[in-house]
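The values are calculated or read from the model by the stated rules, or taken from the named source; none is laboratory data. Quick caveat, the model's predicted, so the values are computed rather than measured. Note: ideal-geometry Cβ built from the backbone for every residue, glycine included; neighbour counts use all protein chains shown. All accessible areas refer to the heavy atoms of the entire protein, side chains included, with ligands and DNA or RNA removed. Shrake-Rupley method; radii C 1.70, N 1.55, O 1.52, S 1.80 Å.
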Amino acid sequence: MISTNGLINPPNSNYWYVNNTPYQMQWNINLQREIMPSTVATIAYVGSHNLHMFTQLDFNPPSSTIVNGRQTFALPRLSTKYGALVFANAVASSRYHGLQMSLNRRFSNNWQTQVSYTFSKSMDNSSGTYGLDGAGMNNNGTNPTNLNGDWGPSNFNRKHNFRVSGIYKVPFNAKGLTGQLINGWQVSGVFTYLSGSPFSPLPANNRVFTGSGSSIGRTDAVSGACDLYGGQSLNQWFNPACFTLQPAGTYGNAGRNFIIGPNLWNFDSSLVKDWKVAKLSETFALQFRAEAFNVLNHPNFQNPNNTIFSGAALNPSAGRITATNSLPRISNSR
């Protein structure tokens, strides 16, 4: 078990026994007001605090000692009878705070619009443990004796989230064959913006010698001021010179998930028209639909290479972006 001070108990502890039930506290307040006909504005604050969340830890790490003022791990393990003992335990926590704003115009006078924006921050010490919400703690190097060292932005944290969508019905009202051709066309679009996802600076090799997947640790951050994003480009999204290789046996002092990757934005659109065929049925209609995804053919890039060191040398690919999340522009009609 993990003791209340965040340190592991002696090796005769009942490592796998969990007697805490995860729970969440939530609170919110919101204000709504009709600011013009058919249009409602909303502003809200939403918060939550999760306690006793599950995380996976090595319950049998190597013994540690203090070397040059730092916790340093070295064999033998706490119990020499076993290797790494990675179990789940309900000792993690998280906090979320969000400012949410929206503008909703109901369909009126041929158009409808929704605008939403969220400014938020989600912090925890366990997201990604099971690989369902990001790269996973195995890639972040969690210290089983000090969960506070992994307190940082959640793997899924996005500071800004903006979305606007709308539908516009072209207001033609022609008669006869001309009306059949030009009446009833409807245009819609969705624009999305998300700020970048966070990630951690890592070495390539095991530096902590715990013998489990979460043993590589994070690098050290250089002391003093360092321009992390100076001269930002696809070839160097962040400055690798802001990090140094942590001493062997240590987890490194660079914060978890404190580097932010590229943002994401996208625009999709569609054009729709219905033709009613009254001669067949009052409810029978034919529809033409043309859709375009990623209309502007804008690339959304994945996070850069976060492996700062290859062995003891600086990784020449550190900070380089080599892939995108988005597909090229796609169009279809039917």
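Among the residues of segment 144-154 satisfying the criterion of being assigned to a loop (DSSP other than H, G, I, E, B) and within 20 Å of the chain's Cα centre (by Cα), which is farthest from GLN302 (Cα to Cα)? Spell out the reasoning first.
Taking segment 144-154 and keeping what is assigned to a loop (DSSP other than H, G, I, E, B), we get 144-146, 151, 154.
In the following step, the residues that additionally are within 20 Å of the chain's Cα centre (by Cα) were identified as 151, 154.
Values: TRP151: 24, SER154: 17 Å.
The selected residue is TRP151.
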* To do: Only residues that are open to solvent by 40 Å² or more (accessible area, probe 1.4 Å), within 36 Å of the chain's Cα centre (by Cα) and not aromatic (Phe, Trp, Tyr): list them for segment 69-82, please.
  => GLY69, ARG70, GLN71, ALA74, LEU75, LEU78
* From the residues in segment 112-133 that are open to solvent by 40 Å² or more (accessible area, probe 1.4 Å) and at pLDDT below 95, which one is farthest from LYS159 (Cα to Cα)? -> TYR130
* To do: Output the residues belonging to segment 244-283 that are in contact (Cβ under 8 Å) with a residue 12 or more places away in the chain and of a type in the set (S, T, N, Q).
  => THR244, GLN246, THR250, ASN253, ASN257, ASN263, ASN266, SER269, SER270
* Can you tell me which residue within segment 275-311, out of those that are open to solvent by 50 Å² or more (accessible area, probe 1.4 Å) and aromatic (Phe, Trp, Tyr), is nearest to ILE260 (Cα to Cα)? => PHE301
* **Single condition LEU314 does not satisfy, out of (1) open to solvent by 40 Å² or more (accessible area, probe 1.4 Å); (2) more than 30 Å from THR145 (Cβ to Cβ)** => (2)
* **Hits in segment 250-303 (condition: modelled with pLDDT of 90 or more, assigned to a loop (DSSP other than H, G, I, E, B) and among the basic types (Lys, Arg))** => ARG256
* With segment 37-134 as the region, which strands (runs of 3 or more DSSP E) entirely inside it contain at least 1 residues that are within 21 Å of PHE209 (Cβ to Cβ) and aliphatic (A, V, I, L, M)? -> 39-58, 62-67, 70-77, 86-108
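Only residues that are within 17 Å of the chain's Cα centre (by Cα) and open to solvent by 30 Å² or more (accessible area, probe 1.4 Å): list them for segment 165-211, please. Even if it seems obvious, please write down each step before you answer.
Filtering segment 165-211 for residues within 17 Å of the chain's Cα centre (by Cα) gives 192-201.
Within segment 165-211, TYR193, LEU194 meet the criteria.
Checking the conditions here, which among ASN235, ASN239 is under 30 Å from THR129 (Cβ atoms) and either in contact (Cβ under 8 Å) with a residue 60 or more places away in the chain or open to solvent by 10 Å² or more (accessible area, probe 1.4 Å) (or both)? Full working, then the answer.
Working: ASN235 fails: under 30 Å from THR129 (Cβ atoms).
Only one candidate passes the filter, namely ASN239.
Tell me, yes or no, whether segment 155-164 has at least one residue that is part of a loop (DSSP other than H, G, I, E, B), touching a strand residue (DSSP E or B) at 6+ places or on another chain (Cβ under 8 Å) and open to solvent by less than 40 Å² (accessible area, probe 1.4 Å).
Applying the first criterion (part of a loop (DSSP other than H, G, I, E, B)) to segment 155-164 yields 155-159.
Pick out the ones that are also touching a strand residue (DSSP E or B) at 6+ places or on another chain (Cβ under 8 Å) and you get 155-159.
Restricting the remaining residues to those that are open to solvent by less than 40 Å² (accessible area, probe 1.4 Å) gives 155, 157.
Checked against the condition, which is being part of a loop (DSSP other than H, G, I, E, B), touching a strand residue (DSSP E or B) at 6+ places or on another chain (Cβ under 8 Å) and open to solvent by less than 40 Å² (accessible area, probe 1.4 Å), segment 155-164 yields at least one hit.
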* Asked: What are the pairs, 6+ residues apart or on separate chains, where a residue within segment 24-51 that is surrounded by 10 or more Cβ atoms within 10 Å (Cβ to Cβ) has its Cβ under 9 Å from a residue that is among the acidic types (Asp, Glu)?
  -> VAL40/GLU34; ALA41/GLU34; ASN50/ASP124
